[in-house]
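Each remark here refers to the structure printed beneath this line.
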Amino acid sequence: MTDFARYYLRLSPARLRTCLIGLVLACVAFGGDNPNKNLSRAEHALKSGDFQRAEQIYRELLAKDDQNIQARLGLSRTLLKERRLQDSFDHAARVIAIDPLSARAHALLGAAVLAAGDFRLSVEEFRTALSLNENEAIAIAGLAMIDYYENRTYPCIVGLRRAASIDPDEPDYVFNLGQAAARSERYKEAADAYERFLVVAPRTDNERRARIRGLIDFLRYLGQQGSLYSLEGPDRTLVTFESPDYRPVIKLRMNGSKQYFRFVLDTGSGMSVLSEETARKMGIKSVARGGMARAVGGGGRFEIVYGYLNSIDIGEMRVANVPVYIRHFYDEQNAVDGYLGIAAISRLVASVDYGTNRLTLARPRSNDAETSATRPANSADSDIAQRPGINIAVRTTASGFLSGEVNIDGINKPLNFIIDTGATVTVLSEKAASVEEAQQFIKQEKMKVFGAAGVADNVKIAALPRVAIGSYSRSGIDAAVLDLEPVNETSGFLQSGILGGNFLRHFRVIFDFGRSVVRFEPLEADPNPKTGPIPEIQSRQ
């Protein structure tokens, strides 16, 4: 028998009763209803990836005390992780109403509106948070991601390194650092960051972890290769393209072969893509694989397989060391061998002239970027000065797509759309189509869509009365209504649609990737200019 037990046996009944009452009171004080203990439980659930449990605990705490600021901040962050942006915003705003000097609340508010695509307000909130607490990691990481989307890679990496050093157990900072390092071709740092992500991230998302393992293998492979996307040949080349379905289809050669292959010029893809059949014919093997990607169509997912091309020849220009995805293509009616993504031509200025069916690729001239961005082959500078056109500042999503602000008559705010030469038709997201203002656009007809993951049947069509980018617009644009959640899960900020070929075909579209500018030049005398400037787009120009 222990000394503790002997002590209690020697107590009188009255003293024993007093001790038992004290023990019960202590259990109540430090037991399940203790707010601090419940906050710790909720935080542990959040870090473990059990978002539903974390949300439940935070809501229970708020039901007992709706002034519990820590619980409301925790709930806002949990909802942000679940991409329930409006709810996350609302709870952060309620904290600011109680405590206007809460740096964490301003940071969460900024993160929610950034994910929703409102860059201007997010910058204001992040800066407010840092003025209150210079070490608020959410705000530091948020501003770094704005740098990332607006193609300022170096300050982005610096900011994410700092955020990860302040909060080393937050997986989002490490994951985003891996993305930024990979974009700047720091493949070892990117792979190391993803390795760290696997250590600190919850083990509940097996699919995502499998994707990251495959990506790490691929990055390690790339780190052993030469400089990617290195250019050889003349400063400028011109090729013609076919456009049977509003997509520019060019002919190029791979790995020094004399055979030509049909590739879609696809600004809606970061990396280039090669069909399984063509890869098999060319003897191109996978260099890494892992996990499943979500996409439009069919079962909504496909296996991620990485390949590598020694070179591609476009006209007289060669691009050496080109990573690719390898996957099955479902569209047999308009069969192609691959898709030429943005990364392969990101060091060039690309002019897509839908009027003459010509693609011009040119190395930008650092002392004359504006002219280089707008001069097609064999044209005089005086011709350029006389051509009407507008320059649109664009952002790059986390997944490598170009995104610009679009206005649709009947919808009262600008929407972020991917500018996608690889899409036959324009797309409106199901979420954007569900708002009350958009209900009038839905037609009775349905369409079939060929996506990366298969075929989607009975797709709704929205008849958009007028679509505008900058001061140019087109009337009567049909748009497929699709679920863009697979895109938005990895885009970083909300994309409400895709600007496809049935809009782009009315313009000469010039992509100056280095300056993050897309220039639109109308192919006809009257491009249907929208009356009045669009303030948010014009201000960034």
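Kindly indicate whether V455 is β-branched (V, I, T), at pLDDT below 90 and part of a helix (DSSP H, G or I). For V455, the condition - β-branched (V, I, T), at pLDDT below 90 and part of a helix (DSSP H, G or I) - is not met. Of all the listed residues (A182, A163, A141), the sole one being without any contact (Cβ under 8 Å) to a residue 60 or more places away in the chain and within 23 Å of L222 (Cβ to Cβ) is A182.
Give me a count of the residues in region 256-280 that are surrounded by 15 or more Cβ atoms within 10 Å (Cβ to Cβ) and not hydrophobic (A, V, I, L, M, F, W, C). Going through region 256-280 one residue at a time, the tally reaches 9.
For the residues L228, L238, the requirement of being hydrophobic (A, V, I, L, M, F, W, C), farther than 27 Å from D167 by Cα and assigned to a loop (DSSP other than H, G, I, E, B) singles out L228. Here region 122-139 is the region considered, the condition is being hydrophobic (A, V, I, L, M, F, W, C) and within 19 Å of the chain's Cα centre (by Cα), and the residue that is surrounded by the most Cβ atoms within 10 Å (Cβ to Cβ) is A139.
For E150, state whether it is in contact (Cβ under 8 Å) with a residue 40 or more places away in the chain and either outside the structural domain of R515 (by the TED database) or among the small types (G, A, S) (or both). Considered against the rule, which asks whether it is in contact (Cβ under 8 Å) with a residue 40 or more places away in the chain and either outside the structural domain of R515 (by the TED database) or among the small types (G, A, S) (or both), E150 comes out as yes. Taken over region 310-329, the criterion of being closer than 17 Å to E276 by Cβ and surrounded by 18 or more Cβ atoms within 10 Å (Cβ to Cβ) is satisfied by P323, V324, Y325, I326, R327, F329.
For R395, state whether it is modelled with pLDDT of 80 or more, under 28 Å from C156 (Cα atoms), in contact with a Ser or Thr (Cβ under 8 Å, 6 or more places away or on another chain) and among the charged types (D, E, K, R). So R395 fits the description; yes.
State whether one or more residues within region 258-278 are of a type in the set (G, A, S) and either part of a strand (DSSP E or B) or in the same structural domain as N502 (by the TED database) (or both). Talk me through it step by step, then tell me what you get.
Pass one, region 258-278, residues of a type in the set (G, A, S): 268-270, 272, 275.
Now drop any that are not either part of a strand (DSSP E or B) or in the same structural domain as N502 (by the TED database) (or both), which leaves 272, 275.
There is at least one residue in region 258-278 that is of a type in the set (G, A, S) and either part of a strand (DSSP E or B) or in the same structural domain as N502 (by the TED database) (or both).
Counting only residues that are within 16 Å of the chain's Cα centre (by Cα), charged (D, E, K, R) and farther than 18 Å from E489 by Cα, region 171-229 holds 1 of them.
Annotation note: Cβ proximity below 6 Å between a residue of region 229-240 that is in contact (Cβ under 8 Å) with a residue 60 or more places away in the chain and a residue that is surrounded by 15 or more Cβ atoms within 10 Å (Cβ to Cβ) and among the β-branched types (V, I, T) (sequence gap 6+ or interchain) occurs for Y229/V319; L238/T360; V239/I250.
V481: modelled with pLDDT of 90 or more, of a type in the set (V, I, T), in a strand (DSSP E or B) and not assigned by the TED database to the domain that holds E82, yes or no? It is true that V481 is modelled with pLDDT of 90 or more, of a type in the set (V, I, T), in a strand (DSSP E or B) and not assigned by the TED database to the domain that holds E82.
Rundown of residues vs (1) β-branched (V, I, T); (2) under 23 Å from L85 (Cα atoms); (3) not in a helix (DSSP H, G or I), yes/no style:
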position	(1), (2), (3)
A111	no, yes, no
I138	yes, yes, no
V158	yes, no, no
D169	no, yes, yes
Y173	no, yes, no
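Taking region 219-230 as the range and being crowded, with 16+ Cβ neighbours inside 10 Å and either assigned by the TED database to the domain that holds E303 or closer than 17 Å to A344 by Cβ (or both) as the test, the residues that pass are L222, L228, Y229.
I216 satisfies every condition listed in (1) closer than 28 Å to A423 by Cβ; (2) surrounded by 19 or more Cβ atoms within 10 Å (Cβ to Cβ) except (1).
Taking the condition touching a residue at least 60 places away in the same chain (Cβ under 8 Å), out of contact with any helix residue (DSSP H, G or I) (no Cβ under 9 Å at 6 or more places or on another chain) and closer than 30 Å to I312 by Cα, does R247 pass? No, not satisfied. Considering only residues of region 349-376 that are in a loop (DSSP other than H, G, I, E, B) and over 17 Å from F507 (Cα atoms), which is modelled with the highest pLDDT? Here the answer is R363.
Considering only residues that are charged (D, E, K, R) and either over 19 Å from L85 (Cβ atoms) or assigned to a loop (DSSP other than H, G, I, E, B) (or both), which ones fall in region 113-136? Across region 113-136, the qualifying residues are D118, R127, E134, E136.
The values are calculated or read from the model by the stated rules, or taken from the named source; none is laboratory data. Every value quoted in this text rests on a predicted model; they were computed, and no experiment measured them. Don't worry about glycine lacking a Cβ; one is built from the backbone with ideal geometry, like all the others, and counts go over all protein chains shown.
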